[in-house]
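Written out below as structure tokens is the structure these notes cover.
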Amino acid sequence: MATQDGFSSADARRSHAVFPAGSNGEFNIPPELSIVVERGKGSRLWDTQGREFIDFSIGWGSVLPGHARPEIVEAVTRQAAIGSNFAHVNRPALELAEEIQRLSPASQRMRFCASGTEATMYCQRLARACTGRPLILKFEGAYHGANEIGVTSLFPQKLKDFPTPDPSSAGIAPVVNDQVIVAPYNDLATTERIISAHAGKLAGIIVEPLQRCTPPRPGFLQGLRAACDKHGVVLIFDEVVTGFRLAYGGAQEFYGVIPDLVAYGKALGGGYPIGAFGGRVEIMDWVREDRLGQPDYVWTASTLGGNPVSTAAALAALSIYRGKDTYPRLRALGEYLRQGMLRVLADRQQRAQVIGDGPLAQVVFSPNPVFDYRSTKRGDGAKGRKLMLGLLRRGVFLNPMGTKLYLSLAHDEADCDRFLDRMGDALTEVGIG
């Protein structure tokens, strides 16, 4: 029962008294629906009031094995008893690095950090250093972590002519305008023209191979690879989301394109904080400390990077992902959910797109195909938020600021069926269809 001042519980009121908007970022849940999570198990969450939710946020995709997976709990417990951080290479970190090197063709050498935000930031720095050029090209609507370039043109409200960037956040340093250019995702011809026009100053191109939930058009990633080779530009794959989710080898395996640098996070840690970046030997050698003071040295360091608790969790997660049925199952479950969502929308005569790949899904209330940020933005975002809030009311935990849904290995078709039933009810409840 809600409190007299409109909060869903006393704990929700406490949360809003401590955290701006009652969250640690990017949820924007109204007070009457705010919750404080108590625990999670498998595909479920319970709040401090004992209410159960089917979790379709799954730690923003970081808990791909499912909450409190026993193998990961055991690995973390065992490691925590013998040390939580040494700020140096340790056995779990070494074993994890060797496994990533084996599965990721781009990762001839690598380093750990504490988050995907750090990993993408270091990749950009390395690209600028090894090319001696200042510019990074990113794609409109892409998120590459909370670093300055990562949030630039993330959700521009005024659509500027390409390749002009938009800060998308107050407080972004004006120097970003001289460091980043922006292209439309999935438009290879326009991107190639921008690359050619700026080739002399362009250090790197950073791309989410699957941008948010929008798959690449056939030939798009291959075209980026060819353009980078032609102009001596570093190709960076942000695999923070796609890594270990689309395939064991990530987007590199799934799409068959190998970048020069790659950034990892989220599912790599199986629910524990981790980041990693790797690349070709000649690029990664720029971080060697025996070059300190020389012009060919790039500073990188991370106090918690490669800590043995997170890397032990990651090793346990990777052992789960290596199961022979993991990726066929995730792909089949994602397709089951997406097709079910299309049926629910069609039953209510909604003209909408359901996009995604692997264990990802997103609904866009638009009659037209969705292939980049601008085509997504033309959809009815207000209707999408109403749907998300309606689902939250009905015991589905997700991020109502967007419509991106994550599946985990703990989900099954029965979870998807429950979601679809509640989606239909939510559409009716909020007056959609």
- Gyration tensor over alpha-carbon atoms, region 63-201, equivalent ellipsoid semi-axes in Å: 36, 18, 15
- What Rg and what Dmax come out for region 296-433 when only alpha-carbon atoms are used, in angstroms? 18.5, 61
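How much of the DSSP bridge set in the chain is antiparallel, in percent, rounded to the nearest 5? Working shown, then result.
Values: 24 of 41 bridges.
Once the DSSP bridges in the chain are tallied, antiparallel ones form about 60 percent.
Taking other Cβ within 10 Å of each residue's Cβ, how do Asp372, Asp285 sort, fewest first? Before the final figure, lay out the partial values.
Numbers: Asp372 20, Asp285 17.
Fewest-to-most Cβ neighbours within 10 Å comes out as Asp285, Asp372.
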- Query: Name the trypsin sites (Lys or Arg not before Pro) in region 323-367 that are in a loop by DSSP and that have at most 16 other C-beta atoms within 10 Å, would you?
  - Reply: Lys324, Arg348, Arg351
- Note on the structure: per DSSP, antiparallel bridges as share of beta bridges in region 70-321, % nearest 5, sits at 40
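Under the √(5λ) rule applied to the eigenvalues of the Cα gyration tensor, what semi-axes describe the equivalent ellipsoid of region 70-321? Give them in Å, descending. Numbers along the way, then the final one.
Working: eigenvalues 185, 75, 58 Å².
Equivalent ellipsoid semi-axes, largest first: 30, 19, 17 Å.
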- Using a Gaussian network model of the chain with C-alpha springs under 10 Å, which one of Thr303, Thr120, Thr376 is most mobile by mean-square fluctuation? Thr303
- What do the square roots of 5 times the Cα gyration tensor eigenvalues come to for region 20-75, in whole Å, largest first, as semi-axes of the equivalent ellipsoid? 23, 13, 9
- Message: How high is the relative contact order of the chain? Use alpha-carbon pairs under 8 Å, at least six apart in sequence, and give a whole percent.
- Response: 21
- Item | Crossing angle, helix 91-103 versus the chain [Cα axis fit, 0-90 degrees, rounded to tens] | 80
- Message: Using a Gaussian network model on the chain with a 10 Å cutoff between Cα atoms, which of Gly22, Gly323, Gly250 fluctuates the most?
- Response: Gly323
- Message: Report the Cα centroid-to-centroid distance between region 240-318 and region 85-146 in angstrom, as an integer.
- Response: 4
- Summing +1 for each Lys or Arg and -1 for each Asp or Glu, what net charge is found among the other residues whose Cβ lies under 10 Å from the Cβ of Asp296? +1
- Message: Spelling out what I want: for every residue of region 327-337, take phi, set θ = phi - 60°, compute 6.51 cos²θ - 1.76 cosθ + 1.60 (Karplus), and round to whole Hz; glycine and proline get x.
- Response: 7, x, 5, 5, 5, 5, 5, x, 5, 4, 5
- Karplus couplings for region 263-273 from phi (6.51 cos²θ - 1.76 cosθ + 1.60, θ = phi - 60°), rounded to Hz, Gly and Pro as x? 10, 10, x, 6, 4, 4, x, x, x, 10, x
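I want to verify the translational diffusion coefficient of region 180-250 in µm²/s; compute it with Stokes-Einstein, Rh as the Kirkwood radius over Cα pairs, at 10 °C and 1.306 mPa s. Present the calculation step by step, with values, prior to reporting the outcome.
Details: Rh = 12.7 Å.
In µm²/s, the coefficient is 125.
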- Item | Ranked Glu140, Glu289, Glu95, criterion: other C-beta atoms within 10 Å, fewest first | Glu289, Glu95, Glu140
- Angle between the Cα long axis of helix 413-429 and the longest principal axis of the chain, 0 to 90 degrees, nearest 10? 70
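Among Asp55, Asp238, what is the fewest-to-most ranking by other Cβ atoms within 10 Å? Walk me through the numbers before you get to the answer.
Details: Asp55 26, Asp238 30.
Listing Asp55, Asp238 from fewest to most nearby Cβ atoms yields Asp55, Asp238.
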- Between helix 308-321 and the chain: long-axis angle, C-alpha atoms, 0 to 90°, nearest 10: 70
- Note on the structure: Under a Gaussian network model of the chain whose springs join Cα atoms within less than 10 Å, the largest fluctuation of Pro165, Pro20, Pro92 belongs to Pro20
- Just give me a number: lysine pairs in the chain, eight or more positions apart or cross-chain, with C-alpha atoms less than 20 Å apart. 14
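Seen from all sides and averaged, what is the projected area of the convex hull of the Cα atoms in region 298-347, in nm²? Spell out each step's value before the answer.
Values: hull surface 26.7 nm².
Spelled out: convex hull of the Cα atoms, projected over all directions, averaged, 6.7 nm².
Determine the dipole magnitude for region 70-321: charges of +1 sit on the beta-carbon of Lys and Arg, -1 on that of Asp and Glu, nothing else is charged, the reference point is the Cα centre, and the result goes in debye to the nearest 20. Spell out each step's value before the answer.
Values: 22 positive and 24 negative charges, 51 e Å.
Taking the Cα centre of region 70-321 as origin, the dipole is about 240 debye.
Taken together, the values in this text are just the output of simple stated rules run on the coordinates, not laboratory data. What you see is a predicted model, and the numbers here were worked out from it, not measured in a lab. Note: ideal-geometry Cβ built from the backbone for every residue, glycine included; neighbour counts use all protein chains shown.
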